[in-house]
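One structure is given here, and the rest of the page talks about it.
The values are calculated or read from the model by the stated rules, or taken from the named source; none is laboratory data. Model, not experiment: these values are computed from the prediction. Positions of Cβ are generated from backbone atoms using ideal geometry, with glycine treated the same way; all protein chains shown enter the neighbour counts.
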Amino acid sequence: MVARILTGLVLAPLLIYAVLVAPKAVMIAVLVLAAARAVDELLRMYKELRVGDRAFAALLATGVAAAPLLGAHSFVAIIGLVPVLWLAGCLWRPGDVETASRRAALGLLGISYIGVLIAMLVAILLHRPLAPLAQSPWGAVDTGRGALMATFLIVFAGDTGAYFSGRAFGGPKLYELISPKKTVSGAVGGLTASMLSGWLVGHWLLPLPLPSSLLLGAACGMTGQIGDLCESLFKRATGTKDSGSLLPGHGGLLDRVDGVLFAAPVVFAWLQWMQP
């Protein structure tokens with residue numbers, strides 16, 4: 001637990017600086033590199049994927065993650081071309097047919113699951129400002145920056161709330177087949193923490209009335225928990241405890257952002273609905 005808390009204390013100010021203060025190009029670079037790392041962590045769980053496979057899939061995922069920089073039409077074109085490139089690459093040195101087909105499917109999983117969803121985070125950051133701008137302790141917050149920070153804040157608060165409420169109250173398991181340690185009390189505590197974070201978001205990061213901020217917190221909290229369970233499914237299927245060891249106390253990068261990935265389309269869709 002100590003390592004988990006210390007890692008969080010170190011990463012929190014760095015994340016706040018990268019999202020709210022640093023040039024947007026810095027955060028975009030962080031997200032694109034995170035796509036490559038997360039794809040590699042996911043595919044390492046599956047023994048069929050060779051080093052070259054993982055590197056090629058990571059490269060394609062970074063292209064997808066960065067595609068929103070080129071505009072909506074280019075993004076659609078890229079996410080259509082990338083599966084073609086990956087599947088064509090799988091025909092090279094296929095080995096036996098069964099292994100080659102599994103490699104093809106797993107690579108597409110990594111590229112779509114991680115590359116496309118991180119592209120949603122990039123698109124959120126690039127979103128044009130809405131009026132009025134929110135007023136935070138750091139001054140006026142650009143809508144894209146505020147929405148991206150809100151995504152991280154709501155999901156991470158939900159993770160923390162679930163962790164501590166689950167340890168404190170225990171009780172019935174949430175989904176024992178996939179994640180034996182998760183409890184219903186943890187899920188409720190996590191959702192409560194996400195909604196409270198949504199309330200803070202409405203005060204500091206986005207110009208939201210209370211009902212909307214609570215609804216956004218609940219939606220991101222629920223989808224974040226589903227994302228956590230989906231990654232647990234992959235780990236359970238492969239007998240993997242953590243996706244990696246990059247973050248002491250948390251595991252790999254994918255272990256930390258699995259919920260954020262699932263919340264990203266929710267926030268992006270919400271931004272489109274808020275558009276005048």
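Quick check on this structure: which one of 49, 43, 60, 31 is in contact with an Asp or Glu (Cβ under 8 Å, 6 or more places away or on another chain) and buried (at least 19 other Cβ atoms within 10 Å of the Cβ)? Reasoning before the result, please.
Details: 49 fails: in contact with an Asp or Glu (Cβ under 8 Å, 6 or more places away or on another chain); 60 fails: in contact with an Asp or Glu (Cβ under 8 Å, 6 or more places away or on another chain); 31 fails: in contact with an Asp or Glu (Cβ under 8 Å, 6 or more places away or on another chain).
None of the others qualify; the one that does is 43.
Please go through segment 1-28 and give me each residue that is over 15 Å from the mean Cα position of the chain (by Cα), surrounded by 14 or more Cβ atoms within 10 Å (Cβ to Cβ) and not small (Gly, Ala, Ser), ordered by number. Of everything in segment 1-28, those that are over 15 Å from the mean Cα position of the chain (by Cα), surrounded by 14 or more Cβ atoms within 10 Å (Cβ to Cβ) and not small (Gly, Ala, Ser) turn out to be 4, 7, 11, 16, 20, 24. Residues in segment 39-57 that are touching a Leu at 6+ places or on another chain (Cβ under 8 Å) and farther than 11 Å from residue 234 by Cβ: 48, 49, 53, 54, 57.
This table checks each residue for (1) more than 23 Å from residue 223 (Cβ to Cβ); (2) out of contact with any Ser or Thr (no Cβ under 6 Å at 6 or more places or on another chain).
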| position | (1), (2) |
| --- | --- |
| 41 | no, no |
| 47 | yes, yes |
| 54 | yes, yes |
| 61 | no, yes |
| 75 | no, yes |
| 83 | yes, yes |
| 103 | yes, yes |
| 111 | no, yes |
| 116 | no, yes |
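Per the listing 100, 55, 66, the residue uniquely farther than 14 Å from residue 113 by Cα, within 16 Å of the chain's Cα centre (by Cα) and either part of a helix (DSSP H, G or I) or among the aromatic types (Phe, Trp, Tyr) (or both) is 66.
Residue 171 meets each of the listed conditions (1) more than 21 Å from the chain's Cα centre (by Cα); (2) without any contact (Cβ under 8 Å) to a residue 60 or more places away in the chain; (3) under 18 Å from residue 127 (Cβ atoms) apart from (3).
Yes or no, residue by residue, for (1) crowded, with 20+ Cβ neighbours inside 10 Å; (2) at pLDDT below 95; (3) over 28 Å from residue 128 (Cα atoms); (4) touching a Leu at 6+ places or on another chain (Cβ under 6 Å):
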site: 194; (1), (2), (3), (4): yes, no, no, no
site: 202; (1), (2), (3), (4): yes, yes, no, yes
site: 211; (1), (2), (3), (4): no, yes, no, no
site: 219; (1), (2), (3), (4): no, no, no, no
site: 226; (1), (2), (3), (4): no, no, yes, no
site: 238; (1), (2), (3), (4): no, yes, yes, no
site: 245; (1), (2), (3), (4): no, yes, yes, no
site: 252; (1), (2), (3), (4): yes, yes, yes, yes
site: 260; (1), (2), (3), (4): yes, no, no, no
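Of all residues in segment 35-52 being of a type in the set (A, V, I, L, M, F, W, C) and in a helix (DSSP H, G or I), which is nearest to residue 101 (Cα to Cα)? Here the residue is 43.
Given the structure, is residue 187 crowded, with 21+ Cβ neighbours inside 10 Å, at pLDDT 95 or above and over 17 Å from the mean Cα position of the chain (by Cα)? The answer is yes for residue 187. Assess whether residue 215 counts as being touching a residue at least 40 places away in the same chain (Cβ under 8 Å), assigned to a helix (DSSP H, G or I) and surrounded by fewer than 20 Cβ atoms within 10 Å (Cβ to Cβ). No, not satisfied. Restricting attention to segment 141-168 and to residues that are within 22 Å of the chain's Cα centre (by Cα) and of a type in the set (D, E, K, R), the residue that is nearest to residue 24 (Cα to Cα) turns out to be 145.
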